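First up is the structure itself, then whatever we jot down about it.
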Amino acid sequence: MSFESLGLSEATLVAVREKGFETPTDIQREVIPRLISGEKDIIGQSQTGTGKTAAFALPILEAVDPELLAVQAIVLTPTRELALQVADEIRSLRGRKRVYVYAVYGGQPIGPQIRALERGTHVVVGTPGRILDHIRRGTLDLGSVRFFILDEADRMLDMGFIDDIEAIFRETPRQKRVLMFSATMPAAIKRLARRYMTNHEVISVSSDSLVPEMVDQEYVEVLPGRKFNVLRKVLDDNFYGIVFCATKRETRELSERLRRAGYPAEALNGDMSQAARERTFRRFKNRKTRILVATDVAARGWDVRNITHVVNYSLPMTPEDYVHRIGRTGRMGRRGKAVTFVVPGERDRLDYFARRAGVEVKRSELSEELSDYRGRNYRRPKNYRGRW
Ligand code: AMP
């Protein structure tokens, strides 16, 4: 099934394509059409890493009226970190539509938040305590809300947010869609649903993660100048896979260097003609080349079976790219390995990707002792757009 068949508008489909999503995940297939044309409230049983944010974000972005500068959708999250992630994800999907998305959470001065809310926003994402604080101060009006979303509802209940959630709920109009996402379905969640949802449906897709379970993920701590030597160790492990680089130039240089060292490697990047790319790809598929050195764009959409390894020689730019890259292996019931190189200062970024994708990445034995270098000599790459 494709995004095109879910009932989204052409403008939203463009935004989805630009984001790099190719096919909808299970939860997206279930939730998007229901939110666009159905009437029932929804409980989605699904974890982080299943694409649940986009599942509710896309229909909401369609429904928001940009001309009406009032809060039309509110998303409650248990933590400040999740609030930021969800707000980022919604923003990244809005395409050219002028929809403002704002995150409010505790542990931060309230002044700037008040000023931002006064300027006006269409979607608010935040933690219950701080949202209630704004409501009480009169700086947040929920009278125009049409979508009320509880993200990680089970965690919010565990954290004791139930009274806050109820108080916020009472501030919203009667007519609205309520959505609740939860990894588990304890009795407390069912009670909450009975109280606040009229006619609801439960959609359960808990086992579908964007990252195949068959991928063992590791990171190798290494100094920039030592990457090549460590890569050779990975390649010597019966390798059939893709080495991802940050730039076209890096793919060229690295594949050259590998060939000089006797490895059958070929570059795949966007500078090559379509015909040349297809030739390279076919050689890889027929195993004439066992090492493909590629950029994200060039490697998108290709489907090859039995890839043993994916190497992130350079970190990807976004969590989506991370998920895309490592999803190249571990297919069709075969185990695969994803090895991510991190140079000093990059660990935080990898941790962020892993959290976003809902996966665990273990430290590899190939890691070098870098404690003396951590955090030094490392700058944010030019063009890097995401959170650092
Ligand atoms: P979530 O479960 O909403 O936290 O999403 C996990 C990650 O998967 C995020 O980085 C999303 O941008 C990404 N993602 C969501 N839907 C898709 C999709 N259909 N294709 C590829 N990546 C996706």
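Here, each number is a calculation from the coordinates, and none is a lab measurement. Just so you know, these numbers come straight off a predicted model, no measurement behind them. Every residue, glycine as well, gets a Cβ built from its backbone with ideal geometry; the counts of neighbours run over all protein chains shown.
If you wrap a convex hull around the alpha carbons of the stretch 228-312, what volume per residue comes out, as a whole number of Å³? The partial results should precede the final answer.
Working: hull volume 7.2 nm³, N = 85.
Hull volume over Cα atoms, normalised by residue count, gives 85 Å³.
Near the amide H of Val202, within less than 5 Å, lie the amide hydrogens of Ile43, all on another chain or at least 5 residues away, with H placed in the peptide plane. When Rg and the Kirkwood radius Rh are both evaluated on Cα atoms of the stretch 215-373, their ratio Rg/Rh stands at 0.94. Pairs to check: Lys190/Lys362; Lys52/Lys285; Lys52/Lys227; Lys52/Lys190. Give those whose C-alpha atoms are more than 28 Å from each other in this structure. Those over the limit are Lys190/Lys362; Lys52/Lys285; Lys52/Lys227.
Ordered by the number of other Cβ atoms lying within 10 Å of each residue's own Cβ, fewest first, Ile43, Ile131 fall into the sequence Ile43, Ile131. In terms of packing, defined here as the mean over residues of other Cβ atoms within 10 angstrom, the peptides 284-296, 214-226 line up highest first as 284-296, 214-226.
Taking Cα pairs under 8 Å and at least six residues apart, what relative contact order does the stretch 215-373 come out at, in percent?
Here the relative contact order equals 38 percent.
Over the chain, Cα pairs under 8 Å with separation of 6+ residues give a relative contact order of 17 percent. Annotation: aspartates and glutamates with alpha-carbon distance below 17 angstrom to Lys19 (same-chain offsets under eight excluded): Glu4, Glu10, Glu62, Asp88, Glu89, Asp296, Glu320, Asp321.
Ranked by the mean number of other Cβ atoms within 10 Å of their residues, highest first, the peptides 264-277, 87-100 come out as 87-100, 264-277. Axis angle, to the nearest 10 degrees, between helix 128-137 and the longest C-alpha principal axis of the chain: 40 degrees. Distances between placed amide hydrogens fall under 5 Å for Val125 paired with Val75, Tyr102, Ala103, Val104, all partners being 5 or more residues away or on another chain. Taking amide H as placed 1.01 Å from N in the peptide plane, the amide H of Gln217 sits under 5 Å from that of Ala338, Lys362, each at least 5 places away or on another chain. Taking Lys and Arg as +1 and Asp and Glu as -1, the other residues whose beta-carbon sits under 12 Å from that of Leu68 total 0. Couplings for the stretch 151-161, taken from phi via the Karplus curve 6.51 cos²θ - 1.76 cosθ + 1.60 with θ = phi - 60°, read 9, 6, 4, 4, 5, 5, 5, 4, 7, x, 8 Hz in order; Gly and Pro are left as x.
Using θ = phi - 60° in the Karplus curve 6.51 cos²θ - 1.76 cosθ + 1.60, the 3J(HN,Hα) couplings for the stretch 27-37 round to 5, 5, 4, 7, 7, 4, x, 5, 6, 6, 10 Hz; x is entered for Gly and Pro.
With neighbour counts taken as other beta-carbon atoms within 10 Å, the residues His200, His122 rank, fewest first, as His200, His122. Computed from label points 7 Å out along Cα-Cβ, the spacing between Ala187 and Ser37 is 4.0 nm.
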